[in-house]
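Take a look at the structure set out below.
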Amino acid sequence: MTLHRSLALAALLLSAPALSGCVGMVIGAGATAGVAASEERGIEGAAEDAKIRAEVNEAWFRHSVDMYSKVTFAISEGRILLTGTVPTEQVREDAVRLTWQVAGVREVYNELLVRESSGLIDGARDVRIQQEIKSRMLFDKEVSNINYTVDVTDGVVYLLGIAQSDAELNRVIGHAREVSAVKNIINYVRLKNDPRRHGG
């Protein structure tokens with residue numbers, strides 16, 4: 001293993017990215033490395049995303065604990081999806097600005113809503129939607145669910161990740177459409193062979 005790959009693996013094990021949304025999972029370092037190796041972005045890509053995630057979180061926390069607690073983000077190959085609700089337009093702009101300042105960020109998809117936070121019922125509904133979509137993807141043998149992130153805010157489903165094919169992506173979108181209370185689906189998934197994945 002090259003020094004670069006060794007460092008990348010070490011970075012991944014020390015700062016494994018959290019799952020998006022309100023539902024998290026704690027897994028061992030060995031399992032994390034195994035999962036990363038199975039992902040389309042690979043160990044080095046996952047390690048770089050973990051590094052970016054840590055730096056974005058630090059920037060937000062230093063700026064505002066409130067921002068850090070309210071804004072959710074998912075990351076795939078340096079592409080960052082911001083979701084959640086913030087109280088003012090200024091907070092929304094600050095979150096985007098601080099995200100862009102982190103080295104390695106390639107794109108920022110700003111889906112932050114400006115309003116008072118959703119109530120407990122809305123939050124519980126969003127978690128239910130997220131869980132059901134993830135469950136459908138997990139048990140679909142034609143979907144590599146490990147390559148996708150699913151987030152839900154106010155009934156809107158946001159998809160980020162890498163699809164093996166149009167057919168696979170259509171299956172994922174189809175699963176989301178079949179879940180009750182879904183208002184809309186916003187797709188930021190890229191195909192495996194998309195030249196933009198490698199700066200093309």
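None of the figures in this text is laboratory data; all of them are computed from the coordinates on show. Please read these numbers as outputs of a predicted model, since none were measured by experiment. Methodologically, a virtual Cβ is constructed for each residue, glycine included, from the backbone with ideal geometry; neighbour enumeration extends over all protein chains shown.
Summary of values
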| read-out | value |
| --- | --- |
| Computed FRET value (nearest 0.05) for Ala103 with Ser180, which takes r as the C-beta separation and R₀ as 45 Å | 0.60 |
| Simple label model, 7 Å out from Cα along Cβ direction - His63 to Glu44, nm | 3.0 nm |
| Relative contact order of the range 63-129, defined on C-alpha pairs under 8 angstrom at six or more residues apart (%) | 33 percent |
| Cβ-Cβ FRET estimate between Glu142 and Gln90, R0 fixed at 35 Å, reported to 0.05 | 0.20 |
